[in-house]
């Protein structure tokens, strides 16, 4: 074997001056350290901001392998996020509801009462793996039917009670997509997601150039080739090959949506925590097809993946509009999830995101402007701000408290979008002369003065009004 030698980070083929030289060097150094300490034959990474690739690099210890952002690696369970997008599309079309039991759309599985949302969030209680030989390293012909994937005891926990990661659960979702669409999972994925998003280097089979998969001996600097099995029915759980450039583009879609595939509201819904956090682990949970973690004061979402010979991680941060992808061709070693999070932190700390410039509204509705300013819920002062499109924001003026943005509805009310008030109805109640008496938010009455006697405060207001201690 040729003696491995290090090579410098491969420069991005998408030059961008947005990142400072010191930041680019810090990213390259983090990648180099991860490849060296993790003993990965090759490792490639990319960072995107605002949907654009701003840095890409690679390290290799194998003379003949010089990866860049166009070289394919197996991405393992990042495939699950793609499958989740297909299910969300069916929901948005009205074909199904996430609360539907699986049986309604894919009968005779034996686990049909588990809901689609539970399968997406790994809360259906299904087994983590298939029965029989390790499915990632054995032929798919050993599992020709769903019954071979699920086995005789597919349930390990009551549905909805805990997060228990399940590869067979995503096989069921892939089979659901095939049953509803009447086409193979990978064809539906290509037509409905990959092609519209321009992910031309992502697919179920490798296409040159691609990285070979290796096992690295734990106690010697030696390599062993890993088999690249076709996963058959398990494809929807981990079959895809992709590149750092394609995955960075996919991460941009997960951040902001694309009406050709999924709306911004739907991709945002995927990022909402759905699974209960495990005892003692309040920093991480799972949404609908994406994992969620809290690191270094920032919320990250994405997914990791592994198959024999490959490791992968995709991580994104909404507040910084940043995404990072890390791929390696070894079975174990480098902590690619940590590396991806570190790449995001490096850019975010060194070059914080510029806020959008403040711009005045083109037009202001006087009826909306009448709602702006301080209101009182009991004695707590609350601020209401008018935003574009007739939206409102409500929150405490100081300290902690409930806050939410509100979406305007056609009937003149607003619907809460987050936190305690998510889904709750806000109404401006007017007097006979048209002036605003109070705000009604899910039975809470907000008044212009604390306990305004002119408003219908629940329980009434003492007619003697406010007083000093000696007047009580």
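Where a number appears in this text, it was derived from the coordinates with a stated rule and is not lab data. Bear in mind the structure is a predicted one, so any value in this text is a computation, not a measurement. Cβ sites come from the backbone with ideal geometry, for glycine too, and all protein chains shown count toward neighbours.
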**Study point:** Using alpha carbons only: equivalent-ellipsoid semi-axes of segment 306-407, gyration tensor based, whole Å
**Key:** 44, 16, 13
Revision key, fill the gap. For the chain, longest principal axis from Cα atoms; helix 336-350 axis from its Cα atoms; angle between them, nearest 10 degrees, is 50 degrees
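Would you mind putting 291-300, 360-369 in packing order, based on average other-beta-carbon counts within 10 Å, highest first?
With the highest mean Cβ count within 10 Å placed first, the list reads 291-300, 360-369.
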Exercise for review: As a check on your grasp of the helix formula, calculate [θ] at 222 nm for the chain: sum -39500 (n - 2.57) over DSSP H runs of n ≥ 4, divide by the residue count, round to the nearest 500.
Suggested key: -6500 deg cm²/dmol
Review point. How far, in nm, would the chain grow between residue 155 and residue 354 when pulled straight, counting 0.36 nm per residue and subtracting the alpha carbon separation?
Key: 66.8 nm
**Study point:** Debye log10 I(q)/I(0) for segment 73-350, one point scatterer per Cα, at q = 0.09, 0.11, 0.13, 0.14 Å⁻¹
**Key:** -0.39, -0.59, -0.85, -1.00
Check your understanding: In a solvent-free Debye calculation with one equal scatterer on each Cα, what is log10 I(q)/I(0) for segment 366-466 at q = 0.25 Å⁻¹, listed in the order of the q values?
Key -> -1.54
Revision key, fill the gap. For the pair residue 430 and residue 391, the simple spin-label estimate (label points 7 Å beyond Cα toward Cβ) gives in nm 2.5 nm
**Study point:** Contact order normalised by residue count of segment 356-435, Cα under 8 Å, 6+ apart, percent
**Key:** 16 percent
**Study point:** Ascending count of other beta-carbon atoms within 10 Å, so fewest first, for 75, 382
**Key:** 382, 75
Practice item. Would you mind calculating the gained length between residue 260 and residue 277 on full extension (0.36 nm times residue separation, minus the Cα-Cα distance), in nm to one decimal? Key: 2.8 nm
Review point. In whole Å, what is the distance between the alpha-carbon centres of segment 247-274 and segment 416-464?
Key: 36 Å
Review point. When the Kirkwood hydrodynamic radius is evaluated over all pairs of different C-alpha atoms of the chain, what value in angstrom, to one decimal, is obtained?
Key: 24.9 Å
Practice item. Mind pulling the angle between the C-alpha long axis of helix 78-92 and the longest principal axis of the chain? Nearest 10 degrees, somewhere in 0 to 90. Key: 40 degrees
Check your understanding: So what is the relative contact order of the chain, in percent, for Cα pairs below 8 Å that sit 6 or more residues apart?
Key -> 15 percent
Check your understanding: Relative contact order of segment 73-350: what whole-number percent is it, with Cα pairs under 8 angstrom and at least 6 residues apart?
Key -> 24 percent
Exercise for review: Kindly express, to the nearest 10 degrees and within the range 0 to 90, the angle between helix 167-181's C-alpha long axis and the longest C-alpha principal axis of the chain.
Suggested key: 80 degrees
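Quick check: residue separation of residue 398 and residue 63 times 0.36 nm, minus the Cα distance between them. What number comes out in nm?
Stretched fully, the residue 398-residue 63 segment lengthens by 114.6 nm.
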Check your understanding: Between segment 370-397 and segment 279-320, how many Å separate their Cα centres?
Key -> 34 Å
Review point. Taking neighbour counts of Cβ atoms within 10 Å as a proxy for exposure, in what order, fewest first, do 42, 202 appear?
Key: 42, 202
Check your understanding: Say R0 is 41 Å: what FRET efficiency, to the nearest 0.05, do residue 296 and residue 411 get from their beta-carbon distance?
Key -> 0.40
